[in-house]
1. Apply the Karplus parameterisation 6.51 cos²θ - 1.76 cosθ + 1.60, with θ equal to phi minus 60°, to every residue of region 153-169 and state each ³J(HN,Hα) to the nearest whole Hz, in sequence, with x for glycine and proline.
2. With all protein chains present, calculate the accessible area of Asp236 using a 1.4 Å probe and round the result to the nearest 10 Å².
3. So for region 104-209: antiparallel DSSP bridges make up what percent, rounded to the nearest 5?
4. Sort Thr262, Thr274 by heavy-atom solvent-accessible area, probe 1.4 angstrom, most to least.
5. Ignoring ligands, DNA and RNA, what percent of the 1.4 Å accessible area of the chain is carbon and sulfur?
6. Would you mind counting up the charge near Ala172? Only other residues with Cβ under 11 Å from its Cβ, with Lys and Arg at +1 and Asp and Glu at -1.
7. I need to check one value: relative contact order of region 203-328, counting alpha carbon pairs closer than 8 Å and at least 6 residues apart, in percent.
8. Under the rule of at least 5 residues apart or a separate chain, name every residue whose amide H is placed under 5 Å from the amide H of Glu70.
Amino acid sequence: MKQRLIIGLLFTILVLGGCNAWDKAYEEAGSASFTVASITGPAALGFIKAMEPSIDPQVRLGDTVYYSFEEDEGALYAQLLEGKADMAVVPTEIAAKLYSEGAGYQLAAVNTGGYLYLLSADESISEVSDLRGKAITIVGEKSVADVVFRQLLMQNGIDPNNDLTLTYAESAETAMGNVANSDLILLSEPWVTDLLDENSDFSIALDIQEEWMGINENEMPLPLTCLIVKKEIPIDRAEEWDLFVADYKDSIDWINSKPAETAKLLDKHEVGITKEQAEGVISRSNLDHWDAVNSKQAVEKYLSLFLEAEADGTEVSLPDAAFYLSEE
C-alpha cells in the first residue's frame, strides 16, 4: 500500500504575496522541497503532524515535502538503492545494509525505541526466567523479533534451543489466528493492539524494550527503526535540513501528546496504522528522536545481534563511523 502526498506551497510566500502567490509558491517549493520515504507501521506515525501544516505548531517547511509510504520492505530498499528519496525511515538493519551497498545514506536519528511485546494468557509469567519450559510463538524465524528475543533469553541464562520451545508463524495474522493453541505470543505493533482488543484472555507479560535496557544497562530502548538522509543534504542544504528536523521533532512530540487527535488524521494518511489502532500503537511504540551521535552505542549493540545470527559464513561487519551523521 502506498500513499503519495505531493506538496508544494511555502507559507512565507503565501502570507506575503496573498492568493496570487500560489504559482510562485509551487515554483519555489519545487526546488526547495524534500522527498521522504517510509516503511509503513509505527515508525511512519512520526510524520503525521508534519503533513498537517494547518495544525499548530506551525510546520517550518510548510506544505513543501513529498512523502511516500511503502508496505513492502524489499520495494522500499530497491528505491533507496537507486537514491529515489532524500530521507527515509527504515528498519535500522536495513539502513546498515544500504550503507554497506554504497547507497549514500547516513543514519541521522533513531525514531522508535521498540514496539515488541510478549503477550500471554498465562498470568504466571512476569519475568524472563518464568519462560523456562514454555512454548512461545514468534513471527518469522531469524526475524528481528526472533533475533532480539533469543538474545534476551541467552542473557538471562536460558538456552533458546533446549530450555523452551520456540515455534514460528509465517505472519502475525497466522499467529493471532492460532491463539487457541498458544499461551505465549511475541508480537510487534500494531498486532499487539489488535490482539489485546480482540482477545481479553491475553495481556502483556513482558515489555521487550524494558528487558533490552535491563541487559544492556542503557537508557535508550530498542532501536528498531531510524531516519536516514543522503549524506550531502545536511551539508549542501543545511538550513532546510535543520528546519526539517525541527518539524519532525515537533511532529513526534505532538503525536505522543495527542494520540486521539492523531487517530482522527489517519483516515487521510495511510501509514499502515488505522484510527482504531492509533492510541494503543502510539502508547507502546516509543516514538522519539535520538540523534545519531547519542544513539551510536545502542545501534551498534543492536546491529551486532544480526552479525551473530548470520549462519551462511558471509563476511560482514558493523558500519564504520561515517554511517552516523555527525553534528559538526
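The values are calculated or read from the model by the stated rules, or taken from the named source; none is laboratory data. Here the structure is a predicted model, which is why all the values come from computation and not from measurement. Reconstructed Cβ throughout: ideal geometry from the backbone, glycine too, with neighbour counts over all protein chains shown. Note: accessible area is taken over every heavy atom of the protein model, side chains too, but ligands, DNA and RNA are not part of it. Shrake-Rupley method; radii C 1.70, N 1.55, O 1.52, S 1.80 Å.
1. Here the 3J(HN,Hα) series is 4, 5, 5, 9, x, 10, 7, x, 8, 10, 8, 7, 10, 9, 10, 10, 9 Hz.
2. 120 Å²
3. The answer is about 55 percent antiparallel.
4. Working: Thr262 0, Thr274 60 Å².
Output order, biggest surface exposure first: Thr274, Thr262.
5. Details: 6930 of 15250 Å².
C and S atoms contribute 45 percent here.
6. On the way: positive: none; negative: Glu170, Glu173, Glu189, Asp194.
Combined, the nearby Lys, Arg, Asp and Glu give -4.
7. It comes to 21 percent, rounded to a whole number.
8. Correct list: Ser38, Ile39, Thr40.
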